[in-house]
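This report concerns only the one structure given below.
The values are calculated or read from the model by the stated rules, or taken from the named source; none is laboratory data. What you see is a predicted model, and the numbers here were worked out from it, not measured in a lab. As a convention, Cβ positions derive from the backbone with ideal geometry for all residues, glycine included, and neighbour counts pool all protein chains shown.
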Amino acid sequence: MKKLINKCRTYMAGGGCGFVKKAASKLLHVDLIKYNRYYLTHKPSKQKLISQREKICEGAPLISVVVPAFRTKPAFMRRLIASVMNSSYENWELIIADGSGYERTQEEYPELENVVNSASGGDKRVIYKRLEENLGIAGNTNEAIALARGEWIVFCDHDDELSADALYGIYHVAKKKPSVDLIYSDEDKIDERGLHYDPHFKPEFDMELLRNVNYISHMTAVKRSLLESVGVLNGEYDGAQDYDFILRAVEKATCIHHISHVLYHWRCHRGSTASDMSTKTYAIDAGRRALQAHLDRTGDAGTARDGALAGTYRVTYELEKLPDIAIVKTSKNTIPVVDISAYRDKLILFVDNSVEITDELLGVLAGNCMRQGVGAVGTLIGDGAKIVQGGFVYGVGDTFTGVPLGEPGYMGRLLMSRSVSALSGKCMMIRGELFYRAGGIDTNMGNSWDRDLCVKCSDMREKVLILPETVTIPEASVDAVSEAFERRYADTQDRWYNRAFSKKSPGFELI
């Protein structure tokens, strides 16, 4: 009750209208209804599936779906098998490695092999292996991998489902981009009745976000050559074995591709990770250890810590001492004048003249800005009650505007560091030498000079990151995009904003 009261107070602080809208949305299940409408609209039709089958060329690669099983409910296993057998792509094999153990009586636990044989109808593409003992999630998966003959390996949990066009999606991308060796898709959840909800529409590959949470998760497909280079799953990280594997895989992948379409359905039931990650404390600990191992392998001097939400993390990059930082004060409707060569060997912090600058703020910004491959970093901008600017999106403007402070935002993004297309000059740090190479501030961009500067960083293959820290500016307001900026970048697609989201709303809402 106390938690509910505090949340109500938070929303009221953001404005009475916002509170009423949020409460009504929850009571009427608006988000669930809206997503189900979206899902049914975008679900592949029978005609589309037939068309996909007709487009498959001779010599199409074998795709192996590997499943670690452990005391799976028969109904869930039947639905998993049916989802693969209904695939529009037919050159597949489904390998189930069962570590259930059968010390229970037949009445209490029907043998999974009988369920598999019945559900598959004798289809030779469905391969069942009964293990002598339970080897854990990683071990059982590795047993399935050992039997896989496919050019592509797809990971699937024993109680989940693939969409009918999931395997075709892998085939289509692999054919179009021969260099690709890791593919992931959007996903949603299904309850025990099969109702779809809580979709996760993901950005293009974002190493920064991945260091906060395993956002890639499902569906993940890896080319056999990459799997052989990376190695199989590591049992030391059971519970987060997929996170460890993905971190190792992206370190060596040649080309990573995101399919912007829901191809995987993650079942949520009592005791499942999908239902409540906080119940899996061992998995959270394993994920943190996997992330730290990744940081150590890549040579990034960061420390993996638990994040604000269960199953999320935060990497801190601490400095022995602060580097030279030039502070440039900014104010509304003015363009700062900065000599492009004056601060070439320093970090430059553009910050609103009302912000109190602390060593803590400087340390967090500088620690991230000095990382290799990072060009600019910034913070969330708030007015004391709500978010005003939470990262810029082409064609949308500033995002998360109006979200009460402390709220996680879509998929917890406001509590994580992540890549964005542009930051606000109200709090943005950039490397001086990069500022010099970018040619400094383009005054022709008007009040979008900061956004233009970030775009130039990205063009030079330098990351632009927003951190979950919030800088408070009383009476802060959203900066309108200048006409000059809109003309220059009118056709630019945003890598970090999924096409499923509306461009008419700043809050990552469905079309």
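The table below gives the values:
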item: Yes/no for residue 452 being crowded, with 17+ Cβ neighbours inside 10 Å, modelled with pLDDT under 95 and in contact with a helix residue (DSSP H, G or I) (Cβ under 9 Å, 6 or more places away or on another chain); result: no
item: Residues of region 375-423 satisfying the condition of being of a type in the set (Asp, Glu) and closer than 27 Å to residue 435 by Cβ; result: 398
item: Pairs, first in contact (Cβ under 8 Å) with a residue 12 or more places away in the chain and within 10 Å of residue 97 (Cβ to Cβ) in region 131-146, second crowded, with 18+ Cβ neighbours inside 10 Å and acidic (Asp, Glu), C-beta under 7 Å, six or more apart; result: 131/98; 131/143; 135/143
item: Residues (of a type in the set (A, V, I, L, M) and over 33 Å from the mean Cα position of the chain (by Cα)) located in region 332-366; result: 335, 337, 338, 340, 342
item: Qualifying residue in region 142-150 (condition: in a loop (DSSP other than H, G, I, E, B), assigned by TED's automatic domain parsing to the domain that holds residue 224, at pLDDT 95 or above and within 27 Å of residue 195 (Cα to Cα)); result: no
item: Single condition residue 86 does not satisfy, out of (1) at pLDDT 95 or above; (2) farther than 21 Å from residue 170 by Cβ; (3) under 28 Å from the mean Cα position of the chain (by Cα); result: (2)
item: Number of the exception - residue 122 against (1) farther than 25 Å from residue 227 by Cα; (2) small (Gly, Ala, Ser); (3) part of a strand (DSSP E or B); result: (3)
item: Residue in region 25-43 that is at pLDDT 90 or above, among the hydrophobic types (A, V, I, L, M, F, W, C) and surrounded by 12 or more Cβ atoms within 10 Å (Cβ to Cβ) present; result: no
item: Per-region count, region 405-433, residues of a type in the set (A, V, I, L, M), over 24 Å from residue 304 (Cα atoms) and either modelled with pLDDT under 95 or surrounded by fewer than 20 Cβ atoms within 10 Å (Cβ to Cβ) (or both); result: 1
item: Selected residue (criterion: surrounded by the most Cβ atoms within 10 Å (Cβ to Cβ)) from residues of region 321-356 that are assigned to a loop (DSSP other than H, G, I, E, B) and polar (S, T, N, Q); result: 354
item: Count of region 29-68 residues which are over 30 Å from residue 239 (Cβ atoms) and in a helix (DSSP H, G or I); result: 19
item: Count of residues meeting criterion [aliphatic (A, V, I, L, M) and closer than 29 Å to residue 306 by Cα] in region 447-477; result: 6
item: Tabulated pairs, region 292-303, first under 13 Å from residue 207 (Cβ atoms), second part of a loop (DSSP other than H, G, I, E, B) and among the aromatic types (Phe, Trp, Tyr), C-beta under 8 angstrom, 6+ apart or interchain; result: 300/317; 302/317
item: Residue pairs meeting the criteria (Cβ under 8 Å; at least 6 apart or on separate chains; first under 17 Å from residue 355 (Cα atoms), in region 463-489; second β-branched (Val, Ile, Thr) and part of a helix (DSSP H, G or I)); result: 467/364; 469/364
item: Candidates 402, 440 - the one that is surrounded by fewer than 21 Cβ atoms within 10 Å (Cβ to Cβ), in a loop (DSSP other than H, G, I, E, B) and at pLDDT 95 or above; result: 440
item: Enumerated strands (runs of 3 or more DSSP E) restricted to region 168-268, each holding at least 3 residues that are surrounded by 21 or more Cβ atoms within 10 Å (Cβ to Cβ) and within 17 Å of the chain's Cα centre (by Cα); result: 182-190, 256-267
item: Among (1) surrounded by fewer than 20 Cβ atoms within 10 Å (Cβ to Cβ); (2) not assigned by TED's automatic domain parsing to the domain that holds residue 406, the one test that residue 359 misses; result: (2)
item: Residue in region 250-271 that is on the phi > 0 side of the Ramachandran plot and free of Cβ contacts under 8 Å to residues at least 12 places away in the same chain present; result: yes
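Okay, residues lined up against (1) out of contact with any strand residue (DSSP E or B) (no Cβ under 9 Å at 6 or more places or on another chain); (2) modelled with pLDDT of 95 or more; (3) under 23 Å from residue 408 (Cβ atoms):
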{"position": "466", "(1), (2), (3)": "no, yes, yes"}
{"position": "491", "(1), (2), (3)": "yes, no, no"}
{"position": "496", "(1), (2), (3)": "no, yes, yes"}
{"position": "503", "(1), (2), (3)": "no, no, yes"}
